[in-house]
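Enquirer: Mind looking over this structure? Questions follow.
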Amino acid sequence: MLAAGPSGFYNAPTTKGALLVVGGLTLLSSIFQIKTDFHLQLVPHLTTHHQFWRLITSHFVFSSSTEMLFGGLIIYHLRIIERLFGPAKYVAFLFVSAVTCTLLNIAVLVTGSALGLNVLPAGPYGIIFAALYQFYRVIPTMYEFKVFGIAFTDKFFMYALATQLMLSHMPGSIASAVCGLLAGAIYRSDMAGTRRWRFPEPIMRLAVKLLLPIFSSSPAIRSTATTFENRSSSSSRTSDRPAQAMREYLDVLSTGGAPQGATPRAPSESDVSTLQSIFTTATQEQAIEALNATNNNLEAAVQYLLDNPAPASAPTTPAPAPAPPASS
């Protein structure tokens, strides 16, 4: 449905951790019937009772199972942003977005009380819509389709889920979604160096040591065969696995695998330019290699470059100037 690379959480440990934490806390809050302890309200929670902890906990718990369903689907499919940014940059992006959204939420509650906007629902609306803004800006459209003559793109499915989430608790959910989009735009503009900020190295080493073994996932095992005949023959060696052979055949169709003996088509200049606009450090040769490896399937080529990052090129040192001729 959506271009997010291979299924599962390979190269997306932050996404996996976010889903487990948000889903687990939402379930626990429902079991213990404490869902009402997480939404934001200026009066009386912040001004009278000084419950400032709500500014933090409101990002971790959805107030209903419906919101958890749509929010979880969006978080899962946005793992393509983590694969593009890398886990270190993505977790820094989520932290910066959460802090920015918290400040914007306070501003909305202070200014919106005159308009009757007194409550903001619980849930990670801010980081979801901040990541959705990055999805809009950096992920290209892979294909278009028409329904009753109306043109849609493959991104329509993501935007439909986001619209449903945004309208779940009006008007507070709309305000939270707008705050998230603003936070995403602020991060994208690199205001105050937000895009370059990372967690300190000691914290990252501790997280890699303690959390990465818990939330990391192994890549899915895929066959190296490129045709259905080769894949089905290798599958027949294993006892009764026709379902796996069919799944692998569908993988070939979805990733643009070329039939055996077919002449590969030369990559188009537009596809090469699209890849270089997404991966600014990729050379033209690397973009062409990715397209050739995926039979000119742009979606698969994006994932190919995500899974096979180009090594950083060493800076070239200029050749020394020739010595002046010796005077006689």
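Enquirer: Which residues, counting only those in region 274-286, are part of a helix (DSSP H, G or I) and either at pLDDT 85 or above or on the phi > 0 side of the Ramachandran plot (or both)?
Expert: GLN284, GLU285, GLN286
Enquirer: Assess whether PRO6 counts as being at pLDDT below 90 and under 30 Å from ALA301 (Cβ atoms). Walk me through how you get there before you give the answer.
Expert: Values: at pLDDT below 90: yes; under 30 Å from ALA301 (Cβ atoms): yes.
Here the answer is yes, as PRO6 does meet what is asked.
Enquirer: Mind checking which helices (runs of 4 or more DSSP H) fall wholly inside region 8-77 and carry at least 3 residues that are more than 21 Å from the chain's Cα centre (by Cα)?
Expert: Result: 13-31, 54-57.
Enquirer: Just give me the residues in region 55-71 being buried (at least 19 other Cβ atoms within 10 Å of the Cβ) and not β-branched (Val, Ile, Thr), in sequence order.
Expert: SER58, HIS59, PHE62, SER63, GLU67, MET68, PHE70, GLY71 - these are the residues of region 55-71 that are buried (at least 19 other Cβ atoms within 10 Å of the Cβ) and not β-branched (Val, Ile, Thr).
Enquirer: Quick test for you: out of LEU117, LEU182, pick the one residue that is modelled with pLDDT under 95 and more than 15 Å from the chain's Cα centre (by Cα). Can you show your working first?
Expert: Details: LEU182 fails: modelled with pLDDT under 95.
One residue alone meets the criteria, LEU117.
Enquirer: Does region 141-158 hold any residues that are modelled with pLDDT of 85 or more, assigned to a loop (DSSP other than H, G, I, E, B) and under 21 Å from LEU73 (Cα atoms), and which are they?
Expert: The answer is ASP154, LYS155.
Enquirer: Consider only pairs whose beta carbons are under 7 Å apart and that are at least six residues apart or on different chains; among these, list those whose first residue lies in region 287-301 and is not assigned by TED's automatic domain parsing to the domain that holds PRO140 and whose second residue is outside any helix (DSSP H, G or I) and among the hydroxyl-bearing types (Ser, Thr, Tyr).
Expert: THR294/THR255; ASN297/THR255; ALA300/THR255; ALA300/THR294; ALA301/THR294
Enquirer: Does TYR125 satisfy the criteria of being surrounded by 14 or more Cβ atoms within 10 Å (Cβ to Cβ), under 22 Å from PHE52 (Cα atoms), aromatic (Phe, Trp, Tyr) and assigned by TED's automatic domain parsing to the domain that holds LEU40? I'd like the intermediate steps shown before the answer.
Expert: Details: surrounded by 14 or more Cβ atoms within 10 Å (Cβ to Cβ): yes; under 22 Å from PHE52 (Cα atoms): yes; aromatic (Phe, Trp, Tyr): yes; assigned by TED's automatic domain parsing to the domain that holds LEU40: yes.
Criteria met by TYR125.
Enquirer: Among the numbered criteria (1) of a type in the set (Gly, Ala, Ser); (2) surrounded by 14 or more Cβ atoms within 10 Å (Cβ to Cβ); (3) without any contact (Cβ under 8 Å) to a residue 40 or more places away in the chain, which one does ALA107 miss?
Expert: All conditions pass for ALA107, except number (2).
Enquirer: Inside region 194-209, can you point out the residues that are surrounded by 12 or more Cβ atoms within 10 Å (Cβ to Cβ) and acidic (Asp, Glu)?
Expert: none
Enquirer: Next question, about the same structure. With respect to SER58, is the statement that it is assigned by TED's automatic domain parsing to the domain that holds VAL119, in contact with a strand residue (DSSP E or B) (Cβ under 8 Å, 6 or more places away or on another chain) and hydroxyl-bearing (Ser, Thr, Tyr) true?
Expert: So SER58 passes the test.
Enquirer: Hey, can you tell me all the residues within region 167-200 that are more than 15 Å from ASN105 (Cβ to Cβ) and not in a loop (DSSP other than H, G, I, E, B)?
Expert: Listed by number, the residues that qualify are ALA185, TYR187, ARG188, MET191, ALA192, GLY193, THR194, ARG195, ARG196.
The values are calculated or read from the model by the stated rules, or taken from the named source; none is laboratory data. Not measured: the values here are computed from a predicted model. Every residue, glycine as well, gets a Cβ built from its backbone with ideal geometry; the counts of neighbours run over all protein chains shown.
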